[in-house]
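Participant: Mind having a look at this structure? Questions to follow.
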């Protein structure tokens, strides 16, 4: 009986020792690493250049004053609908002459007197030349008759004809001089005229110059609304058609070389949930320098995009609105792709950790096009393969792994 109890104690101690040893051994065994998994799938892949853009009206018209005068108050306002050739935009009437001080009046009076004297000098000169022309004309007629009768020679006739032509030109010159003196006198007298109130409303309306809209569209901005004296070429207002919009996207010059006219553009976050479609019309050939938010100088290029959607689908979109644009430079509908978060460099090549029977296997892969979240797999992986995403430094070739809850 004693022997049996002793053997039982040995048996219990042995079992406890083995259990403790097994626990210690198990504690030091490597545990599977929790990982996030993703599947290699087939589907569409799109490579885009994402930048902010700004809408603008394609054709803008700046209405300027065609002549100097007094611009009357503009009665139209930004946002008003205008019709080409029908909507009156502005009116310009002649501006009154400047008031004369004593010095200016004295100078103008002296110019009037000088012009009167010049006219008095030109008038007798014109009468003298007229008399000489009349005499030369009589001599010409007499010489022509004598030449026909053979009384005078051809040389004498030519001399008389030359004298007549000379007197004719002198008469024209004297007449022009007399007209110039008369015009200068009128101009000098006009400088003494003073502004007077307009009493005839009909005459005032006839003296106004009306500016009508050259296009159908809307009024964008008014530069000069109040009454003012304007010079020729002074901008008054800006017109445009909000339905004729384009998008201007400035991209890095290194990205601009990848963009071609005809590339598809997707426009999002413009104020509505439905994205808008567009197409690249032009990549401007000249770049410009822009300072980024970090203070870095960047060479950027404007890309002009035409809207594909009809104006009815974007009536709320106006001039100068911000739009997030995705310019598609490469797109395929069916490619084998893997998440970029699973890719890492292994020497000169790309690689992933492929999960096979609960263990991570280092697998080199050949990558084609890169998207924002996924990359095209050319070789090294198959459809539905499971790869580790965001692999940590605990993941090595051959390490046991276990997917986290919710991981695919």
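Participant: Within the range 379-406, which residues are touching a residue at least 40 places away in the same chain (Cβ under 8 Å), surrounded by 11 or more Cβ atoms within 10 Å (Cβ to Cβ) and under 48 Å from the mean Cα position of the chain (by Cα)?
Facilitator: Across the range 379-406, the qualifying residues are 381, 387, 388, 389, 390, 391.
Participant: Can you confirm whether residue 331 is surrounded by 13 or more Cβ atoms within 10 Å (Cβ to Cβ) and closer than 18 Å to residue 43 by Cα? Break it down stepwise before answering.
Facilitator: Working: surrounded by 13 or more Cβ atoms within 10 Å (Cβ to Cβ): yes; closer than 18 Å to residue 43 by Cα: yes.
When the stated conditions are applied, residue 331 passes them.
Participant: State all residues of the range 71-115 that are within 13 Å of residue 237 (Cβ to Cβ) and assigned to a loop (DSSP other than H, G, I, E, B); if no residue qualifies, say none.
Facilitator: 73, 74, 75, 76, 77, 78, 79, 80, 87, listed by residue number.
Participant: For residue 137, state whether it is more than 30 Å from residue 191 (Cα to Cα) and part of a helix (DSSP H, G or I). Can you show your working first?
Facilitator: Details: more than 30 Å from residue 191 (Cα to Cα): yes; part of a helix (DSSP H, G or I): yes.
It is true that residue 137 is more than 30 Å from residue 191 (Cα to Cα) and part of a helix (DSSP H, G or I).
Participant: Conditions first: (1) under 30 Å from residue 38 (Cα atoms); (2) modelled with pLDDT under 95. Residue 272 passes all but one, so which condition is the exception?
Facilitator: Among (1) under 30 Å from residue 38 (Cα atoms); (2) modelled with pLDDT under 95, the lone unmet condition for residue 272 is (1).
Participant: Picking from 92, 82, which residue would you name as being surrounded by 12 or more Cβ atoms within 10 Å (Cβ to Cβ), closer than 30 Å to residue 245 by Cα, at pLDDT 90 or above and not assigned by the TED database to the domain that holds residue 391?
Facilitator: 82
Participant: Please specify each residue of the range 64-79 satisfying the condition of being under 27 Å from the mean Cα position of the chain (by Cα) and either under 11 Å from residue 210 (Cα atoms) or surrounded by 14 or more Cβ atoms within 10 Å (Cβ to Cβ) (or both).
Facilitator: Result: 64, 65, 66, 76.
Participant: Determine whether the range 381-395 contains at least one residue that is on the phi > 0 side of the Ramachandran plot and touching a helix residue (DSSP H, G or I) at 6+ places or on another chain (Cβ under 9 Å).
Facilitator: Kept after step one, since they are on the phi > 0 side of the Ramachandran plot, are these residues of the range 381-395: 384, 390.
Still in the list and also touching a helix residue (DSSP H, G or I) at 6+ places or on another chain (Cβ under 9 Å): 390.
Checked the range 381-395: at least one residue is on the phi > 0 side of the Ramachandran plot and touching a helix residue (DSSP H, G or I) at 6+ places or on another chain (Cβ under 9 Å).
This table checks each residue for (1) surrounded by fewer than 12 Cβ atoms within 10 Å (Cβ to Cβ); (2) closer than 30 Å to residue 74 by Cβ; (3) at pLDDT 90 or above; (4) in contact with a helix residue (DSSP H, G or I) (Cβ under 6 Å, 6 or more places away or on another chain).
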residue	(1), (2), (3), (4)
201	yes, yes, no, no
266	no, no, yes, no
292	yes, no, no, no
302	no, no, yes, no
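Participant: Quick check on this structure: which one of 325, 342 is in the same structural domain as residue 386 (by the TED database) and surrounded by 14 or more Cβ atoms within 10 Å (Cβ to Cβ)?
Facilitator: Just one listed residue meets the conditions, 342.
The values are calculated or read from the model by the stated rules, or taken from the named source; none is laboratory data. None of these values were measured; they are calculated from a predicted model. Every residue, glycine among them, receives a Cβ derived from its backbone with ideal geometry; neighbour counts consider all protein chains shown.
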